[in-house]
Number of protein chains: 2
Amino acid sequence: MNYLESLRNRYSVKKFDKDKTVSSDLIANILEAAKLSASSLGLQPYEIIIVQSAEMKEKLVPAFYNPSQISTCSHLIVLVSKNTIGEEYIGKYFSHISQTREIPLESLNPFKQSISSHIEKLSPEEVMAWADKQCYIVLGNLMFAAALENVDTCPMEGFSPEKISQVLEIDASTEKVAVTLALGYRSEEDQFQKLKKVRKPNDKLFKFI
Amino acid sequence: MNYLESLRNRYSVKKFDKDKTVSSDLIANILEAAKLSASSLGLQPYEIIIVQSAEMKEKLVPAFYNPSQISTCSHLIVLVSKNTIGEEYIGKYFSHISQTREIPLESLNPFKQSISSHIEKLSPEEVMAWADKQCYIVLGNLMFAAALENVDTCPMEGFSPEKISQVLEIDASTEKVAVTLALGYRSEEDQFQKLKKVRKPNDKLFKFI
């Protein structure tokens, strides 16, 4: 099956098969795709929480407006964006570049300064919006990789960030729940899999110039 | 090459080979992946502009802080998000669902009402932030599909939305440039392709619960 077939086969699952678990090998591949996501300036302003414990998933059900996916999924991925990007975070990033690429930290100073001055110019709200958007690239990669692995997903924005933060002990002063993705295998009972995919026709979606 | 190898091979190209054009077949496949992107409530609150004209690309160069990619890429994709989602837009969406799935429009009323009341509750700023984020899922799919097709890319946020809007005649009262992606083939002269990819180590990026 080629990748477009995999994407055509993907839909936002409403009910997963509770008895099927995604293997740790497939989860590792899908997370590797998340890790390889592009991010603005390479800063990866996020953390990726993978909830696999049945007990924790149960605790998270009330945080979602549609509980069906959470109560039936194999894994729930919570993408958590950074609220702030400070000098310390940028400093660690550049130490890491220096180590990985085996180049002196000093040689990176011009790039570091341009990033710092760019980030400093942003308001706290702009930093949060920017970090959130980077999470959505990760979300895209997760769904795409899962589709290639024949793993079903449902992206979910309908939740109480406060409730998720409380259950997962996310420090709201530094991090924020950006978006979530349930993974598993579609239930045969989920009627939505039989519906035709609805997309804007090409002439409404694309404009060639 | 498996998909993780393709993603490892992807990097944000700084300079493309000016003499190489991405074939229209590959562009069509990559755009199909964009079209198949998930979007919140299925609303696809965006338009996708594909700039292939050399003259138009040239006109867009001054709109970008890093001109190198624009002046050397084969195609430039501009993701344009909707500023507002009104009753008319939602109405058209539901007519389209009704036609595609061959079901009476009336049967969709409960879903339609829930979407309308959800969107109505959002402030104009929230609608814009929400629409922008949906564009980033498309961005993720575009980069992923391009990587699978051995087409190189560079996502770019560093631009003047006003200048792009002016050149591409985007009506700023209804639409906004969210993010852009240059496509082409990496130039042999681009030294960045030789650098090791820098990603947070797994224990800093992932948390298993």
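Scan the range B:198-209 residue by residue and report those that are more than 23 Å from the chain's Cα centre (by Cα) and either among the aromatic types (Phe, Trp, Tyr) or within 28 Å of B:VAL78 (Cα to Cα) (or both). Spell out how you get there, then give the answer.
Just the residues of the range B:198-209 that are more than 23 Å from the chain's Cα centre (by Cα), to begin with: B:198, B:200-209.
Once the filter is applied, which keeps residues that are more than 23 Å from the chain's Cα centre (by Cα) and either among the aromatic types (Phe, Trp, Tyr) or within 28 Å of B:VAL78 (Cα to Cα) (or both), the range B:198-209 yields B:VAL198, B:PHE206, B:PHE208.
Quick check, is B:ILE164 within 11 Å of chain A (Cβ to nearest Cβ) and either surrounded by 19 or more Cβ atoms within 10 Å (Cβ to Cβ) or within 16 Å of A:SER39 (Cα to Cα) (or both)? Write out each step before concluding.
Values: within 11 Å of chain A (Cβ to nearest Cβ): no; either surrounded by 19 or more Cβ atoms within 10 Å (Cβ to Cβ) or within 16 Å of A:SER39 (Cα to Cα) (or both): yes.
Here the answer is no, as B:ILE164 does not meet what is asked.
Can we say B:ILE77 is surrounded by 14 or more Cβ atoms within 10 Å (Cβ to Cβ), within 9 Å of chain A (Cβ to nearest Cβ) and assigned to a strand (DSSP E or B)?
Values: surrounded by 14 or more Cβ atoms within 10 Å (Cβ to Cβ): yes; within 9 Å of chain A (Cβ to nearest Cβ): no; assigned to a strand (DSSP E or B): yes.
For B:ILE77, the condition - surrounded by 14 or more Cβ atoms within 10 Å (Cβ to Cβ), within 9 Å of chain A (Cβ to nearest Cβ) and assigned to a strand (DSSP E or B) - is not met.
Just a yes or no: is a residue in the range A:42-58 of a type in the set (S, T, N, Q) and more than 9 Å from chain B (Cβ to nearest Cβ)? I'd like the intermediate steps shown before the answer.
Within the range A:42-58, the first condition is being of a type in the set (S, T, N, Q), and the residues that meet it are A:44, A:52-53.
Narrowing further to those that are more than 9 Å from chain B (Cβ to nearest Cβ): none.
No, that holds for no residue.
For the range B:90-139, what are the residues that are surrounded by fewer than 19 Cβ atoms within 10 Å (Cβ to Cβ), touching a residue at least 24 places away in the same chain (Cβ under 8 Å) and of a type in the set (Ser, Thr, Tyr)?
B:SER116
For A:LYS196, are the conditions met, namely being closer than 23 Å to B:LEU43 by Cβ and either at pLDDT below 95 or acidic (Asp, Glu) (or both)? Before you say what the answer is, go through the steps one by one.
On the way: closer than 23 Å to B:LEU43 by Cβ: yes; either at pLDDT below 95 or acidic (Asp, Glu) (or both): yes.
The answer is yes for A:LYS196.
Could you list, ordered by first residue, the pairs with Cβ atoms under 6 Å in which the first is in the range B:192-204 and within 8 Å of chain A (Cβ to nearest Cβ) and the second is among the hydrophobic types (A, V, I, L, M, F, W, C), at least 6 apart or interchain?
From residues that are within 8 Å of chain A (Cβ to nearest Cβ), the pairs are B:VAL198/A:ILE97.
Any idea which of A:LYS20, A:LYS57 is closer than 17 Å to A:ARG186 by Cα and of a type in the set (Lys, Arg)?
Criteria check complete, one pass: A:LYS20.
Looking at (1) within 11 Å of chain A (Cβ to nearest Cβ); (2) at pLDDT 95 or above; (3) over 18 Å from the mean Cα position of the chain (by Cα), which is the only condition B:GLU157 fails?
Checking B:GLU157 against (1) within 11 Å of chain A (Cβ to nearest Cβ); (2) at pLDDT 95 or above; (3) over 18 Å from the mean Cα position of the chain (by Cα), the one that fails is (3).
Filter the range A:167-191 for residues that are surrounded by fewer than 17 Cβ atoms within 10 Å (Cβ to Cβ) and away from chain B (no Cβ under 11 Å) and give the result.
A:ASP171, A:ALA172, A:SER173, A:THR174, A:GLU188, A:GLU189, A:GLN191
Here is a check on your reading of the model: is A:VAL138 within 11 Å of another protein chain (Cβ to nearest Cβ), under 23 Å from B:GLU126 (Cβ atoms) and in contact with a Ser or Thr (Cβ under 8 Å, 6 or more places away or on another chain)? Talk me through it step by step, then tell me what you get.
Working: within 11 Å of another protein chain (Cβ to nearest Cβ): yes; under 23 Å from B:GLU126 (Cβ atoms): yes; in contact with a Ser or Thr (Cβ under 8 Å, 6 or more places away or on another chain): yes.
In short, yes.
Is the range B:21-36 home to any residue that is more than 7 Å from chain A (Cβ to nearest Cβ), among the hydrophobic types (A, V, I, L, M, F, W, C), within 20 Å of A:ARG10 (Cα to Cα) and in contact (Cβ under 8 Å) with a residue 24 or more places away in the chain?
Narrowing the range B:21-36 to residues more than 7 Å from chain A (Cβ to nearest Cβ): B:21-28, B:30, B:34.
Next cut, among the hydrophobic types (A, V, I, L, M, F, W, C) only: B:22, B:26-28, B:30, B:34.
Keeping just the survivors that are within 20 Å of A:ARG10 (Cα to Cα) gives B:28, B:30, B:34.
Still in the running and in contact (Cβ under 8 Å) with a residue 24 or more places away in the chain: B:30, B:34.
Yes; the residues of the range B:21-36 include at least one that is more than 7 Å from chain A (Cβ to nearest Cβ), among the hydrophobic types (A, V, I, L, M, F, W, C), within 20 Å of A:ARG10 (Cα to Cα) and in contact (Cβ under 8 Å) with a residue 24 or more places away in the chain.
Among the residues of the range A:89-124, how many are outside any helix (DSSP H, G or I) and either of a type in the set (D, E, K, R) or within 10 Å of chain B (Cβ to nearest Cβ) (or both)? So that I can check it myself, show each step before the final result.
The initial filter retains those residues of the range A:89-124 that are outside any helix (DSSP H, G or I), namely A:102-104, A:121-123.
Now restrict to residues that are either of a type in the set (D, E, K, R) or within 10 Å of chain B (Cβ to nearest Cβ) (or both): A:102-103, A:121.
Number of matching residues: 3.
State whether one or more residues within the range A:58-69 are under 22 Å from B:VAL198 (Cβ atoms), buried (at least 18 other Cβ atoms within 10 Å of the Cβ) and either free of Cβ contacts under 8 Å to residues at least 60 places away in the same chain or aliphatic (A, V, I, L, M) (or both). Before you say what the answer is, go through the steps one by one.
Quick first cut of the range A:58-69, residues under 22 Å from B:VAL198 (Cβ atoms) only: none.
No, the conditions are met nowhere in the range A:58-69.
So, in the range B:171-191, how many residues would count as being over 15 Å from B:VAL78 (Cα atoms), under 23 Å from the mean Cα position of the chain (by Cα) and modelled with pLDDT under 95?
The number of residues fulfilling the criteria is 2.
Being in contact with a helix residue (DSSP H, G or I) (Cβ under 7 Å, 6 or more places away or on another chain), part of a helix (DSSP H, G or I) and of a type in the set (S, T, N, Q) is the filter here, so list the residues in the range B:125-176 that pass it.
B:GLN134, B:ASN141 - these are the residues of the range B:125-176 that are in contact with a helix residue (DSSP H, G or I) (Cβ under 7 Å, 6 or more places away or on another chain), part of a helix (DSSP H, G or I) and of a type in the set (S, T, N, Q).
Can you pull out the residues in the range A:180-209 that are in a loop (DSSP other than H, G, I, E, B) and among the hydrophobic types (A, V, I, L, M, F, W, C)? It would help to see each step written out before you state the result.
In the first step, residues of the range A:180-209 are kept if they are in a loop (DSSP other than H, G, I, E, B); the result is A:185, A:187-190, A:195-201, A:209.
If the condition is that a residue be in a loop (DSSP other than H, G, I, E, B) and among the hydrophobic types (A, V, I, L, M, F, W, C), then A:LEU195, A:VAL198, A:ILE209 are the ones that fit.
The values are calculated or read from the model by the stated rules, or taken from the named source; none is laboratory data. In this text the structure is predicted, and so the values were computed from the model without any measurement. Every residue, glycine among them, receives a Cβ derived from its backbone with ideal geometry; neighbour counts consider all protein chains shown.
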